[in-house]
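I have placed the structure first, in the form of structure tokens, so that the comments after it can refer back to it.
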Amino acid sequence: ASGEDEYYLAFLGTPSATTPWMLQFGGHHLAINLTLAGSQASMAASLPATQPARFEWEGRTVRPLGNENDKAFALINALDDKQKGQAIIGSRVADLVLGPGQDGKTIQPEGIRASALAAAQQAMLWDVVREWSGIMADAFAEPRLAEIKSHVNDTYFAWSGPTTPGSAAYFRIQGPTLVIEYGPQNGVDHIHTIYRDPTNDYGAKIAKR
């Protein structure tokens, strides 16, 4: 609550149930860009982040990106040695590659293809993706997740860093319409993430009406 004056709300265009408009909400360690166009919506590009990554509030422990972290570590450790060898990339990634200021840029996919995962492992991968794509209401989130899953042959899961839960490790999930990056900043208590749709950042596709 001490930083509540550091957050801003902006409306781009006129809020409408039929014509496109955008809602921006953001401040330190949070940037949400929500484009609405009738029955369609996009939350790309957005940057959910946190510092600290764990704190006490009213007697309970709060971890803003806890599910994202825990589900990703569960997935990497559900892979067999051969799969891990594909998923873990050789280079050390220390920060977001396609973070703020990198709009419109592309990178070559790395890691293991989703189609090379067993059914149970794929389900775990989509559950990680849902932590970002599912922030929106189900009416928008479910079609988005179905679209992402339709690209199973061209979606990749890449990991950089230790695989022991609680460690500082980077991961990326990338497909034709998706980029998710999770990037610890010099430790586990300061996390940046990015959620993008290369075909629809800032609602570029659905706002063309």
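Those residues that are open to solvent by 20 Å² or more (accessible area, probe 1.4 Å), closer than 17 Å to residue 158 by Cα and either outside any loop (DSSP other than H, G, I, E, B) or at pLDDT below 95 (or both), I need them from region 109-120; list them, please. Before you say what the answer is, go through the steps one by one.
Here is the first cut: in region 109-120, the residues open to solvent by 20 Å² or more (accessible area, probe 1.4 Å) are 109-111, 113, 115-116, 118-120.
Filter again for closer than 17 Å to residue 158 by Cα, leaving 109-111, 113, 115-116, 118.
Residues satisfying the conditions are 113, 115, 116.
Restricting attention to region 74-100, report how many residues are open to solvent by 50 Å² or more (accessible area, probe 1.4 Å), more than 20 Å from residue 192 (Cα to Cα) and not charged (D, E, K, R). Before the answer, list the steps.
First, the residues of region 74-100 that are open to solvent by 50 Å² or more (accessible area, probe 1.4 Å): 77, 80-82, 85-86, 88, 90-92, 94-95, 97, 100.
Checking which are more than 20 Å from residue 192 (Cα to Cα) leaves us with 77, 80-82, 85-86, 90.
Filter once more, so that each one left must be not charged (D, E, K, R): 77, 85-86, 90.
Of the residues in region 74-100, 4 are open to solvent by 50 Å² or more (accessible area, probe 1.4 Å), more than 20 Å from residue 192 (Cα to Cα) and not charged (D, E, K, R).
I want to confirm something. Restricting to region 127-155 and keeping residues that are in a helix (DSSP H, G or I) and buried (at least 21 other Cβ atoms within 10 Å of the Cβ), which single residue is nearest to the chain's Cα centre (by Cα)?
Across region 127-155, the extreme among qualifying residues is 132.
This table checks each residue for (1) open to solvent by 60 Å² or more (accessible area, probe 1.4 Å); (2) in a loop (DSSP other than H, G, I, E, B); (3) within 20 Å of residue 170 (Cβ to Cβ).
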site: 102; (1), (2), (3): no, yes, yes
site: 122; (1), (2), (3): no, no, no
site: 125; (1), (2), (3): no, no, yes
site: 157; (1), (2), (3): no, no, yes
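Condition check: touching an Asp or Glu at 6+ places or on another chain (Cβ under 7 Å), open to solvent by less than 20 Å² (accessible area, probe 1.4 Å), among the small types (Gly, Ala, Ser) and not in a strand (DSSP E or B). Does residue 44 satisfy that? Spell out the reasoning first.
On the way: touching an Asp or Glu at 6+ places or on another chain (Cβ under 7 Å): yes; open to solvent by less than 20 Å² (accessible area, probe 1.4 Å): yes; among the small types (Gly, Ala, Ser): yes; not in a strand (DSSP E or B): yes.
Here the answer is yes, as residue 44 does meet what is asked.
So in region 194-208, with the set limited to residues that are under 13 Å from residue 178 (Cβ atoms) and of a type in the set (Val, Ile, Thr), which one is nearest to the chain's Cα centre (by Cα)?
194
Among the numbered criteria (1) in a loop (DSSP other than H, G, I, E, B); (2) of a type in the set (S, T, N, Q); (3) in contact with a Gly (Cβ under 7 Å, 6 or more places away or on another chain), which one does residue 86 miss?
(1)
Just one of 106, 164 is hydroxyl-bearing (Ser, Thr, Tyr), open to solvent by 10 Å² or more (accessible area, probe 1.4 Å) and modelled with pLDDT under 95; which is it?
Working: 164 fails: modelled with pLDDT under 95.
Answer to the check: 106.
Take the residues of region 65-83 that are touching a residue at least 24 places away in the same chain (Cβ under 8 Å) and part of a loop (DSSP other than H, G, I, E, B): which is nearest to residue 186 (Cα to Cα)?
65
Considering only region 162-208, state which residues are under 14 Å from residue 94 (Cβ atoms), out of contact with any Lys or Arg (no Cβ under 6 Å at 6 or more places or on another chain) and assigned to a strand (DSSP E or B).
Answer for region 162-208, where residues must be under 14 Å from residue 94 (Cβ atoms), out of contact with any Lys or Arg (no Cβ under 6 Å at 6 or more places or on another chain) and assigned to a strand (DSSP E or B): 170, 171, 172, 182, 183, 184, 191, 192.
Report, by residue number, each residue of region 175-201 that is under 19 Å from residue 129 (Cα atoms) and open to solvent by 20 Å² or more (accessible area, probe 1.4 Å).
Once the filter is applied, which keeps residues that are under 19 Å from residue 129 (Cα atoms) and open to solvent by 20 Å² or more (accessible area, probe 1.4 Å), region 175-201 yields 176, 192, 198, 199, 201.
Please pick out the residue among 116, 168 that is without any contact (Cβ under 8 Å) to a residue 40 or more places away in the chain, among the aliphatic types (A, V, I, L, M) and either in contact with a helix residue (DSSP H, G or I) (Cβ under 9 Å, 6 or more places away or on another chain) or over 21 Å from residue 70 (Cβ atoms) (or both).
So the residue among 116, 168 that is without any contact (Cβ under 8 Å) to a residue 40 or more places away in the chain, among the aliphatic types (A, V, I, L, M) and either in contact with a helix residue (DSSP H, G or I) (Cβ under 9 Å, 6 or more places away or on another chain) or over 21 Å from residue 70 (Cβ atoms) (or both) is 116.
The values are calculated or read from the model by the stated rules, or taken from the named source; none is laboratory data. Everything numeric here is computed off the predicted structure, so don't read it as measured data. Reconstructed Cβ throughout: ideal geometry from the backbone, glycine too, with neighbour counts over all protein chains shown. Only protein heavy atoms, including side chains, enter the accessible area calculation; ligands, DNA and RNA are left aside. Shrake-Rupley method; radii C 1.70, N 1.55, O 1.52, S 1.80 Å.
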